[in-house]
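One structure is given below, encoded as structure tokens.
Bear in mind that the values in this text are calculations on the coordinates, not laboratory data. Keep in mind it's a predicted model, so treat the numbers as computed, not measured. With ideal geometry, Cβ positions are generated from the backbone for all residues, glycine too; neighbour counts draw on all protein chains shown.
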Amino acid sequence: MVELDNFAGHNIHLETERLILRPFKDADFDVAVPFYNDPDFLQAMEGEPPDEPITKDYLKAAGKAMAKDGFLFAIVEKASGRTIGEVCLQWMNLERGKIEGEKVTRLPIGIWDKTLWGKGYGKAVVRCLVTHAFEKLGIDRFCPMDVRADNAPSKALWQSLGFVVSRELDDGKTLDFEMTRAEYEKRVQ
Ligand SMILES: CC(C)(COP(=O)(O)OP(=O)(O)OC[C@H]1O[C@@H](n2cnc3c(N)ncnc32)[C@H](O)[C@@H]1OP(=O)(O)O)[C@@H](O)C(=O)NCCC(=O)NCCS
């Protein structure tokens with residue numbers, strides 16, 4: 001087996017017009033820490049944020065869990081060369097999202113710097129990874145999970161790309177979304 005010299009343990013490099021997606025590195029956690037200590041970002045990312053300040057070790061533990069069953073990427077802005085967020089194309093790890101005989105992925109995503117929200121970056125990342133997942137990984141279903149109904153940008157992101165709500169939890173406060181292969185193929189025709 002090839003030893004990969006990065007935290008993410010994969011070697012997939014993808015590109016959009018304005019962004020690069022590359023394997024997540026240990027040093028990226030250092031960049032992430034101050035953003036995770038911004039209450040607006042933390043609140044959006046973590047349903048119940050911890051009381052203690054977020055440390056590199058905390059983020060590494062979460063990153064390790066994602067990388068174990070998925071492809072963890074750093075999002076790099078081409079114009080500035082800065083690492084501006086993280087995204088994980090992750091195999092379904094929640095029992096409620098698994099379907100016998102189907103390959104299902106989910107996609108935790110965070111653009112760390114809130115001044116960059118609403119500029120189309122999230123949508124470009126999702127488009128790129130949806131295409132990769134259906135075309136290269138041969139998935140059957142793409143299922144963003146645990147979207148908080150009061151997280152307007154996140155809800156709008158999935159809806160704008162044609163994902164539909166598959167499940168409501170906590171009296172409608174939490175939503176799961178999905179796109180089936182049939183829906184994906186209809187959209188790319
Ligand atoms: C959620 C997130 C990834 C979305 O990425 P983004 O780059 O801000 O979103 P985009 O600019 O690509 O916008 C995607 C769609 O949502 C819409 N949108 C963006 N922000 C919005 C807002 N505050 N209210 C309503 N709609 C909004 C956009 O208009 C666009 O739809 P359109 O193409 O139909 O016009 C980003 O805001 C983020 O990282 N937030 C903090 C972390 C988070 O909430 N992660 C998700 C939960 S785990």
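Observations, loosely collected:
- Listing HIS13, HIS132 from fewest to most neighbouring C-beta atoms within 10 Å gives HIS13, HIS132.
- With Cα atoms as the point set, the chain shows a radius of gyration and Dmax of 16.0, 49 Å.
- Of LEU116, LEU157, LEU129, the one that fluctuates the most in a GNM where the chain has Cα springs shorter than 10 Å: LEU116
- Out-of-range pairs (alpha-carbon distance over 18 Å; input LYS68/LYS103; LYS103/LYS136; LYS25/LYS68; LYS78/LYS155; LYS64/LYS155): LYS78/LYS155; LYS64/LYS155
- Summary value for the range 14-188: 18 percent relative contact order, contacts being C-alpha pairs under 8 angstrom separated by 6+ residues.
- Amide H contacts under 5 Å for THR174: ALA149, LEU169, restricted to partners 5 or more places along the chain or on a different chain, H placed in the peptide plane at 1.01 Å from N.
- Once you divide the Cα radius of gyration of the range 9-80 by 2.2 N^0.38 Å, the number left is 1.18.
- If you model the range 94-189 as an ellipsoid using its alpha carbon gyration tensor, with each semi-axis the square root of five times an eigenvalue, the axes come out at 21, 18, 11 Å, biggest first.
- Highest-fluctuation residue, PHE142, PHE73, PHE41 considered, GNM on the chain with Cα pairs under 10 Å: PHE41
- Report summary: the helix-based calculation at 222 nm, which adds -39500 (n - 2.57) for every DSSP H run with n ≥ 4 and divides by the residues of the chain, gives -10000 deg cm²/dmol.
- Assigned charges on the beta-carbon of Lys, Arg, Asp, Glu; the range 23-164 dipole about Cα centre (debye): 600
- Burial ordering of LYS136, LYS123, fewest other beta-carbon atoms within 10 Å first: LYS136, LYS123
- Theoretical FRET efficiency, 1/(1+(r/R0)^6), r = Cβ-Cβ of LYS173 and LYS78, R0 25 Å, to 0.05: 0.10
- Taking every DSSP beta bridge that has both ends in the chain, the antiparallel portion is near 95%.
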